[in-house]
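The values are calculated or read from the model by the stated rules, or taken from the named source; none is laboratory data. Everything numeric here is computed off the predicted structure, so don't read it as measured data. Don't worry about glycine lacking a Cβ; one is built from the backbone with ideal geometry, like all the others, and counts go over all protein chains shown. Keep in mind that these areas ignore ligands, DNA and RNA; they rest on the heavy atoms of the full protein, side chains included. Shrake-Rupley method; radii C 1.70, N 1.55, O 1.52, S 1.80 Å.
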Amino acid sequence: MLGHSHALSGLAAGAATLPWAPVHGPVAQMSWIAAAGGFAMLPDLDHRGSTVSDMWGPVTDVPSGIVGSLTGGHRWGTHDAVLAPLALGGLAVLAADTYWSSLLLMALAIGLALHALHFVIPGTTETTIVGNIALSWAGAWWLLDHSPQPTWLPWAVALGVLTHSAGDALTTAGIPVPVLWLLRRTRLALSPLRTGTVVEKAVLVPLFLVATVAFLWINTDVRSAFDPIVDRFLSAG
């Protein structure tokens with residue numbers, strides 16, 4: 001799938017899982033959704049030239065090359081629907097207990113979401129290295145400053161990574177057969193959908209967007225802001 005499809009599917013997954021997410025309060029809820037959306041891009045750190053690799057220049061490009069070498073190349077280790085959420089979520093556990101490492105993780109998630117969703121954001125600031133760093137780190141600082149220490153970040157990483165793998169499993173390229181690919185490099189593809197087709201752009205992207213809004217409406221207090229309007233409309237009728 002394309003980057004913005006992954007990001008939107010991650011946002012939808014984050015909004016859908018709010019009732020079970022270990023977060024409390026509107027700021028923490030929005031942080032959870034943003035993190036799930038951003039981390040849904042993370043598996044593509046396995047190859048240079050991806051959105052993840054290019055986002056912060058050498059800061060993300062150099063690790064991308066290393067990750068790709070260690071995990072078997074593009075769409076292998078980091079796309080394993082079992083091992084990747086466990087491994088990347090486990091690494092996030094090490095970072096979730098301290099402020100600065102949590103800030104880095106949150107900034108990474110926001111930066112990825114901004115970069116992937118640039119097509120609906122006016123201007124191009126979020127696609128430049130300096131602009132993305134400024135926006136993502138400022139956003140991460142604000143979110144962490146207005147919510148408790150995010151010990152939930154590893155869960156958001158795992159959710160985003162799993163969502164990415166599920167999305168790629170729907171394409172012809174598929175994903176590695178979980179765990180078993182280590183013994184024999186075989187892939188799993190669940191549908192004939194090709195990346196970048198009209199179906200993805202005209203059907204899946206709007207579907208993910210509508211799902212995100214719907215789950216936000218159902219699982220948060222967003223709808224309470226409209227209650228007075230609805231009550232006034234009903235009383236007038």
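Search segment 135-155 for residues being small (Gly, Ala, Ser) and modelled with pLDDT of 90 or more, and hand back the single one that is nearest to Ser101 (Cα to Cα). It would help to see each step written out before you state the result.
Here is the first cut: in segment 135-155, the ones small (Gly, Ala, Ser) are 136, 138-140, 147.
Of the ones still in play, those that are also modelled with pLDDT of 90 or more are 136, 138-140.
Details: Ser136: 14, Ala138: 15, Gly139: 15, Ala140: 11 Å.
Among them, the one singled out is Ala140.
Is it fair to say Val59 is in contact with a Gly (Cβ under 9 Å, 6 or more places away or on another chain) and β-branched (Val, Ile, Thr)?
Details: in contact with a Gly (Cβ under 9 Å, 6 or more places away or on another chain): no; β-branched (Val, Ile, Thr): yes.
Here the answer is no, as Val59 does not meet what is asked.
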Do you know which residues across segment 126-148 are under 9 Å from Val27 (Cβ atoms) and buried (at least 19 other Cβ atoms within 10 Å of the Cβ)?
Leu143, Ser147
Matching helices (runs of 4 or more DSSP H) fully within segment 96-198 where at least 2 residues are more than 17 Å from the chain's Cα centre (by Cα), more than 16 Å from Leu11 (Cα to Cα) and of a type outside the set (A, V, I, L, M):
99-116, 129-145
Name the single residue, out of those in segment 92-101 being open to solvent by less than 30 Å² (accessible area, probe 1.4 Å) and at pLDDT below 90, that is farthest from Ser50 (Cα to Cα).
Ala96
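Residue by residue, here is whether (1) touching a strand residue (DSSP E or B) at 6+ places or on another chain (Cβ under 8 Å); (2) modelled with pLDDT under 95; (3) surrounded by 11 or more Cβ atoms within 10 Å (Cβ to Cβ) holds:
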| position | (1), (2), (3) |
| --- | --- |
| Val157 | no, no, yes |
| Thr163 | no, no, yes |
| Pro176 | yes, no, yes |
| Leu193 | yes, yes, yes |
| Ala225 | no, yes, no |
| Arg232 | no, yes, no |
| Gly237 | no, yes, no |
Given the conditions (1) in contact with a Gly (Cβ under 8 Å, 6 or more places away or on another chain); (2) within 15 Å of Ala34 (Cα to Cα); (3) modelled with pLDDT of 90 or more; (4) not aromatic (Phe, Trp, Tyr), report the number of the one that Asp168 does not fulfil.
(2)
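Show me the helices (runs of 4 or more DSSP H) entirely contained within segment 1-91 in which 3 or more residues are surrounded by fewer than 16 Cβ atoms within 10 Å (Cβ to Cβ) and in contact with a Cys (Cβ under 8 Å, 6 or more places away or on another chain).
On the way: elements: 3-16, 26-39, 51-54, 58-71.
Here the list is empty.
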